[in-house]
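K.L.:
One structure follows; several queries about it will come next.
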Amino acid sequence: MRDAGRWARDKDWTDRDLEEAKLSVFQGVDAPESVSQEGMTRFLSGIDEDMEQKKREQLLDVKKEEVRDVAQRYLVEGMGAAWIAVLGEKEDWVKESEGWEIKSMELSKPSESAGASDLGAGDLDHD
């Protein structure tokens, strides 16, 4: 993961690479939203349609040199003192002897905490 910034900075970006990267970004930016989700996003963020359109245009205008500059500034230099957390099941290749610090985040057993399975049929009734 730490080499991702150097990879992006040093990559010989072709026009096709850059266009594919932009398309990938736009899949998230322009992903369909429900009307209520779109309204809530606008209400909470204060971002209107004009601002969203300006962001789209700026993304479309990104140049290879800008990708390299941002990778250097934020992913290479900016990650120097950063910590990375990976959540999930421990894999065999993750070894403390190779620099990994492993922390267990085991949750209490279901019988020790109240959960949906502890509710009775009448617990959800509304008057």
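Every number here is computed from the coordinates shown, using simple stated rules; none is lab data. Here the structure is a predicted model, which means the values were calculated and not measured. As a convention, Cβ positions derive from the backbone with ideal geometry for all residues, glycine included, and neighbour counts pool all protein chains shown.
K.L.:
In debye to the nearest 20, how big a dipole does the stretch 4-77 give about its Cα centre with +1 on each Lys and Arg Cβ and -1 on each Asp and Glu Cβ?
P.N.:
Once rounded to the nearest 20, the dipole reads 320 debye.
K.L.:
Follow-up question, since we're still on this one. Test of the criteria: in the stretch 15-107, which chymotrypsin sites (Phe, Trp or Tyr not before Pro) are in a DSSP loop and have at most 10 other Cβ atoms within 10 angstrom of their Cβ?
P.N.:
Passing both the DSSP loop test and the Cβ count: 83, 93.
K.L.:
For the residue pair residue 86 and residue 69, what label-to-label distance in nm results when each label sits 7 Å from Cα along the Cα-to-beta-carbon direction?
P.N.:
In this crude label model, residue 86 to residue 69 measures out at 3.3 nm.
K.L.:
Please state the equivalent ellipsoid semi-axes for the stretch 4-77: what are the square roots of 5 times the Cα gyration tensor eigenvalues, largest first, in whole Å?
P.N.:
After scaling each eigenvalue by five and taking roots: 29, 14, 11 Å.
K.L.:
Could you please report the charge total around residue 41, scoring K, R as +1 and D, E as -1 over all other residues with beta-carbon less than 14 angstrom from its beta-carbon?
P.N.:
Residues near residue 41 contribute -4 overall.
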